[in-house]
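J.: Sharing a structure below in structure tokens format, with a few things to ask.
Nothing in this text is a laboratory measurement; each read-out follows from the coordinates by a stated rule. These numbers come from a predicted model, not from an experiment. Please note: Cβ atoms are built from the backbone with ideal geometry, for glycine as well, and neighbour counts cover all protein chains shown.
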Amino acid sequence: MGFSIPAAQMYRFWTMLAHYHGQTVNLSEIARSLLISDKTVRHYLDILAGTFMVRLLQPWFENIAKRQVKAPKLYFRDSGILNFLLSIQTEQDLYAQPRLGAFWEGYALEEIIRFFNASDEAFFWGTHADAELDLLLFRNGKRIGFEFKYADIPKTTKSMHSAIQDLQLDHLYIIYPSHQTTSQPFSLQKKITACTLEDIINNKVNNA
């Protein structure tokens with residue numbers, strides 16, 4: 001595909017990136033760990049993003065009087081590759097992971113973006129005061145927010161209310177994994193609905 005990188009070096013790089021799944025990218029930190037330059041890290045990331053192996057989700061900036069996160073967040077687009085690089089071979093291995101929530105976030109985020117065909121209109125948002133939104137989509141003139149929570153009973157948080165207010169969201173969805181055979185979306189508060197991926201894909205929600 002027009003690039004030549006030693007396979008062992010790229011494997012080390014991929015393995016390192018697996019530990020950054022769902023986090024903002026720190027080029028210098030990765031470069032120091034692998035004893036390569038920031039420029040080389042950027043080059044490798046561009047290759048992986050360009051071949052659809054990883055997603056560099058860009059931050060959204062709002063005109064507010066708060067310091068906002070400027071670095072992109074990194075996600076593996078194929079959860080199978082992520083599991084392989086982290087030596088996750090069984091369902092039990094997956095559930096034993098301390099960052100299971102980040103795994104769910106990456107998987108569900110990718111499914112939502114794919115369903116809405118919104119790669120060019122997908123962002124995350126965060127402030128240095130720890131307010132954040134996992135995914136921001138612009139749909140038919142509306143601002144739709146998504147939070148991904150690995151929980152049996154999702155709850156609202158202060159961060160969600162900050163996102164609704166600061167970003168002037170039309171609606172926010174909390175996407176959680178339902179372990180039941182049937183599920184229905186339910187309202188938690190005004191402008192906040194909890195639902196599953198299946199609810200979104202099967203058009204069971206009104207505002208998405």
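J.: Among the lysines, which have Cα under 25 Å from the Cα of LYS73 when same-chain residues fewer than 8 positions away are ignored?
T.: The qualifying lysines are LYS39, LYS142, LYS149, LYS155, LYS158.
J.: Right, another one. Classify the range 16-126: rounded, prolate or oblate, from the alpha-carbon gyration tensor (a ≥ b ≥ c, eigenvalue square roots; a/c under 1.5 rounded; otherwise prolate if a/b is larger than b/c)? Can you show the working numbers first?
T.: Numbers: a/c = 1.59, a/b = 1.15, b/c = 1.38.
Because a/c hits 1.5 or more and a/b fails to exceed b/c, the range 16-126 counts as oblate.
J.: If you split all Cα-Cα distances of the range 7-201 into 5 Å bins from zero, what percentages do you get per bin, shortest first?
T.: 1, 7, 15, 19, 19, 17, 12, 7, 3, 1, 0
J.: OK, next. If neighbour count is taken as other Cβ atoms inside 10 Å, put LYS204, LYS155 in order from fewest to most. If you can, show how the numbers build up before the last one.
T.: Working: LYS204 14, LYS155 11.
Listed from fewest to most nearby Cβ atoms, that is LYS155, LYS204.
J.: Which of the DSSP-defined H helices in the chain satisfy a minimum axial length of 20 Å, computed from C-alpha atoms, and a minimum mean Kyte-Doolittle hydropathy of 0.5?
T.: On the way: long enough: 100-116 (24 Å, 0.62).
Those that clear 20 Å and a mean of 0.5 are 100-116.
J.: I need the trypsin sites (Lys or Arg not before Pro) found in the range 22-93, filtered to DSSP loop residues with at most 13 other beta carbons within 10 Å of theirs. Please list the in-between numbers first.
T.: Numbers: sites: ARG32, LYS39, ARG42, ARG55, LYS66, ARG67, LYS70, LYS73, ARG77; in loops: LYS66, ARG67, LYS70, ARG77.
The qualifying sites are LYS66, ARG67, LYS70.
J.: Considering Cα pairs under 8 angstrom that are at least six residues apart, work out the relative contact order of the chain and quote it in whole percent. Intermediate values should be presented prior to the final figure.
T.: Details: 299 pairs, mean separation 30.5, N = 208.
Taking the mean separation of contacting Cα pairs over the length of the chain, I get 15 percent.
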